[in-house]
């Protein structure tokens, strides 16, 4: 049962500050998840069908999703029978192990940081449904890469929501980075065009393109995204290099549908989970990965500018299941 | 498909049992399992699902002996009743203060749609209840939140109150209420900043606002896409603020809003309004029975009728019907009809018609839109005389129309054929109308 100690050992070598952030940020999730596991293992002397049923409930309550939950439980059950494991504690470790394996096996290798192109600006397009925190995440990303010495330009591609452009403008002023905006209700593709043209002129390293929030079942709005993407690609070859879907950690199973719809229309390169602090169950991370193979690149763990962290599966599981126990 | 919507899913389950003569323990077991999965995938809270399944089971077994109606019908009714129960028995409106202005506070997590809903609610109160409304910018934290509300206030033409972002929200709320009293406003809507339910400092701030202005309504915004956690969020807000109701936002997406339904069940907070679109008029009163129908895919006929009445110009419709009946149907009328069809197709209410929901998924609306566009172009390229007398259209005229509308004479021929076919059908209409069956149906509609 090496996974727990393996994780712990691995985590100890990592940045203490980041680790703390994960532990406090995931405080609520952990209380829900790991304490439930613990209570459960105390309740049962030996495992039986009912035990697995309750395990299933815990996973579903964490928004892991019905299908994946069944899969994980089934795999655990088989493994337990094969290895003759009967103690609840060991089963719980096995379950965390399965979650880990499920995530790691469901997609490509994971590189979190934005992949910069060798020459010319790198364009990151940010998409998502309404109210998930796109604009705030953009500000956090801009802050992150400016600190790394990158020259950043923000494009206010949300010309629809009242105040959206203003919100991004205020951020750009606070961060002191370049900013391009259009008029209210202007075609966002033309704003994107203006932005990338300027980026080429000014030798910008990173262009972050904000887009209006849209529900994934609105065909017209989804087509608009595809158009923005085409316009950007015309100006800069290979751009946008990165397209991030922002998902609110409070989202339930609709998150998977969101990821699917956005993936079809814009070929996503990553997911950012926001509002992970406090409220979240975050099981949607596993569900999305399982269903679509898109990796989570960053997670938002708080309201401050530097509360955006690279997504780290070890840290995540550690924070979720173990952290702060001792 | 990874997920079917709750209504699709349930209707396919019901189809399965519809064919069977009796409700057996075995086929009910399978069905209940499916219902459980469907509800869980719709983010209905787990505990609620458990209770729900148990009570459906109990009721179904009890009734099995007594009745011999089709099992499908029976289960549909039981499930329907249970969902209505889950949603709360009756629709309930806003509580207005008997004297002086009524104060409404909107609270919730970040990004649930408080500011947008504040605007929608202001419009609704102004338009439908003729209230004098003051919108108050109480979100001093999110950059540009004040600008956003100001823009919306202008859009819906109600007054707007701000003291900038340097003043405490408690002060703002108090000053706004004073102004409302002096200037005889009917309703004060206070927008507040989004916050996590575990953020004690910000939660206390809400409590302070509440203590200071004593609002009649404290409404929680709940995102229809929210997951299992939604119940805990609502509980935390409810404990601090004793909520008077909630508004479910973003119901125009493809989520079923299961979590919000569980909140109603577990906390007893009634759902008062639902947000069904991005436009400022997209806020509707919530009706539990209608919602249950919608969830079950039984169609929401009452909403439909109301929508049609709102969107279709009645006079215009009567005129066309008369024309159809008289046999004087011209291309001009066809054009007018297409406009109405387009209005229909673009609005949400098609999905409210029973049974249409499934078919809708197979229609390509872009294609339909394009077709209507080109027909419009063709008819608009004709002279008024040609529209009234399409029989004069010969080759040279067709060529002119084709180049004028950017189509081909083939497409024009197609359109003319379609038109002739329609005209022929309409000639047969009057005799069809005299058919007793048809008359009955029409009478039913009138009721």
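So the values come out like this:
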item	result
Of residues in the range A:283-300 being under 15 Å from residue A:314 (Cα atoms) and in a strand (DSSP E or B), the one farthest from the other protein chains (Cβ to nearest Cβ)	A:297
Residue in the range B:95-115 that is assigned to a helix (DSSP H, G or I), crowded, with 19+ Cβ neighbours inside 10 Å and at pLDDT below 85 present	no
Only listed residue being out of contact with any helix residue (DSSP H, G or I) (no Cβ under 9 Å at 6 or more places or on another chain) and modelled with pLDDT of 80 or more, chosen from A:58, A:78, A:72	A:78
Criterion: in a helix (DSSP H, G or I), out of contact with any helix residue (DSSP H, G or I) (no Cβ under 8 Å at 6 or more places or on another chain) and more than 10 Å from chain A (Cβ to nearest Cβ) - qualifying residue of B:181, B:166	B:181
Residue B:252 being within 21 Å of residue B:120 (Cα to Cα), surrounded by fewer than 23 Cβ atoms within 10 Å (Cβ to Cβ) and at pLDDT 95 or above	no
Residues (over 20 Å from residue B:422 (Cβ atoms) and under 44 Å from the mean Cα position of the chain (by Cα)) located in the range B:385-402	B:385, B:402
Unmet requirement for residue B:84, which otherwise passes all of (1) in a loop (DSSP other than H, G, I, E, B); (2) out of contact with any strand residue (DSSP E or B) (no Cβ under 8 Å at 6 or more places or on another chain); (3) more than 11 Å from chain A (Cβ to nearest Cβ)	(1)
Test set (1) touching a helix residue (DSSP H, G or I) at 6+ places or on another chain (Cβ under 8 Å); (2) assigned to a helix (DSSP H, G or I); (3) within 14 Å of another protein chain (Cβ to nearest Cβ); (4) crowded, with 19+ Cβ neighbours inside 10 Å - residue B:155 fails condition number	(4)
Index of the failed condition, residue B:262 passing every other in (1) buried (at least 18 other Cβ atoms within 10 Å of the Cβ); (2) more than 14 Å from every other protein chain (Cβ to nearest Cβ); (3) part of a helix (DSSP H, G or I)	(2)
Of all residues making up the range B:194-237, the number that are more than 16 Å from residue B:271 (Cα to Cα), facing chain A (nearest Cβ under 10 Å) and assigned to a loop (DSSP other than H, G, I, E, B)	9
Residues of the range A:253-282 classified as within 12 Å of chain B (Cβ to nearest Cβ), in contact with a strand residue (DSSP E or B) (Cβ under 6 Å, 6 or more places away or on another chain) and in a loop (DSSP other than H, G, I, E, B), total	2
Those helices (runs of 4 or more DSSP H) lying entirely in the range A:61-175 with at least 3 residues assigned by TED's automatic domain parsing to the domain that holds residue A:42 and closer than 26 Å to residue A:269 by Cα	A:66-83, A:88-105
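The values are calculated or read from the model by the stated rules, or taken from the named source; none is laboratory data. Everything quoted here is computed from the prediction, not taken from an experiment. Cβ coordinates were reconstructed from backbone atoms using ideal geometry, including for glycine residues, and neighbour counts include every protein chain displayed.
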